[in-house]
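Asker: What follows is a single structure, and I will ask about it in a moment.
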Amino acid sequence: MAETEQQQPDIDLSVVVPLLNEEHSLAKLAEKVEEALSESFRFELIFVDDGSTDHSWKEIEQLSQKCNWVHGIRFLRNYGKSTALQAGFERSRGRYVATMDADLQDDPFEIPEMIRMIKEEGYHLVSGWKKERHDPLSKTIPSRFFNKVTSWVTGIKLNDFNCGIKAYKREVIENIHLYGELHRYIPLLAKWEGYDKIGEKVVKHHSRKFGKTKFGLSRFMHGFLDLVSLVFVNNYLQRPMHFFGTIGVLLLVVGGIINLYLAIDKIVYGAILGDRPLLLLGVMLMVLGAQIFSIGFLGELFFKNRREHRDPNIKETV
C-alpha cells in the first residue's frame, strides 16, 4: 500500500482519471494503479466523475475511504472530458501528472517509463500511442485519419493525439487551460506555451471489458471543428484586424472598382445601370466588406478580454 498523505504529503505523481458511467472498472483500475506505481512513487489517484448516472461516485467514495491516496471530484452534471481533466489538474499536487481513461483499456504500468522519459530525456510531456488497438473499425479508421490531419496541421509528429494516457511535467498543466473538447490538443496547447519537447511512447491497449465506448461521429466532427477554431484563435486572437480587416478591405476595393467602372460607363456613355447585375454585385461587395471590416475593428477593441468560461458546478469531493 502506498504511503498515506499524513505520512508523506510530498506527492511525486498525480494520476487524473476522468470518467462517465464506469462503475464496474474503478476498483480494478485503482488496484492496477497501486500495483504499477506504489514501489516507485508517492502518488495520488484523482477520479473526476463527469456527471455519471450509475454508481460510479459510490465506488469512488468507498475507494477513498479505504485508500488515502484516492480522491474524487463529482460534477453535478456532464461537462465533458476537457473540463473534467482541468478540474483534476487543479486538484492535483504531484511534481508530475499523468492522465488515463477509466475503462481499463489504458495500462498504468506504462506510466513509470513515461515519467522516466520526462526526467531523463528532457521531455515536457509524453503521449501514448496505441499502435495495436483493440477497437472496432468504426473508431480506428476515423481516428487514424484525424491523427494524420492533426499532425500535418499542427506540425507535431504524434501518431495518436487522442490517446488517453499521457504524462506531463507539472509546469505544463499549470500553463494551459482546457475547455470544450480541447483535451485532444493538449500537445498543441503546450507547444504554443513553449513546451515543445513532446515525446511519444508505444503503449499497450486492452479490450474494453465493461460499458460501451463514448466515441461517435459527432465527436469526430467536433474534433476537426475545434482544431480549426484553435488554430484561428491562436493566430488572430490578438490581431483580429489582420484577418477580418484584410478580407473587408479586399471586398471594399473590388466593390469600389466595379462601381467606379459603372459610374464612368454611366457618365461617359450614358449607360442604363438599373438592370445590370454588376451594379448589385458591386454594392453587395462594398456592404459586405464594410461589415467584415467592422467585425475586425470590434475584435481589436475586445482582444484583451479572455474567453469566458463557466466553471463546473461541483457537487461534492472526497
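Coordinate-derived values only; no laboratory data. What you see is a predicted model, and the numbers here were worked out from it, not measured in a lab. Glycine also receives a Cβ, built like all others from the backbone with ideal geometry; neighbour counts cover every protein chain displayed.
Asker: Using Cβ contacts closer than 10 Å as the measure, can you line up GLU132, GLU22, GLU90 from fewest to most?
Answerer: Placing the least packed residue first, the sequence is GLU132, GLU90, GLU22.
Asker: Report, in degrees rounded to the nearest 10, the 0 to 90 angle that the Cα long axis of helix 26-37 makes with the longest principal axis of the chain.
Answerer: The two axes meet at around 80 degrees.
Asker: A further question on this structure: So how do CYS67, CYS163 line up by other beta-carbon neighbours within 10 Å, fewest first?
Answerer: Least crowded to most crowded, the residues run CYS67, CYS163.
Asker: Sequence-distant or interchain residues sharing an amide H contact under 5 Å with GLY199, placed H: which?
Answerer: It is HIS124, LEU125, VAL126, SER127, by chain and number.
Asker: For the chain, what's the radius of gyration and Dmax over Cα atoms, in angstrom?
Answerer: Reported Rg and Dmax, both Å: 25.7, 95.
Asker: May I pose another question? Over 24 Å between Cα atoms, which of LYS166/LYS209; LYS81/LYS166; LYS28/LYS157; LYS119/LYS201 qualify?
Answerer: LYS28/LYS157
Asker: May I pose another question? Note down the magnitude of the dipole of the chain about its Cα centre, charges +1 on Lys and Arg C-beta and -1 on Asp and Glu C-beta and zero elsewhere, to the nearest 20 debye.
Answerer: About 940 debye.
Asker: Oh, and also: So what's the back-of-envelope 222 nm ellipticity for the chain, counting only DSSP H runs of four-plus at -39500 (n - 2.57) apiece and dividing by all residues, rounded to 500?
Answerer: Calculated at 222 nm, the ellipticity per residue is -15000 deg cm²/dmol.
Asker: Which of ASP107, ASP101, ASP49 comes first, and how do the rest follow, when ranked by fewest Cβ neighbours within 10 Å?
Answerer: Result, fewest neighbours first: ASP107, ASP101, ASP49.
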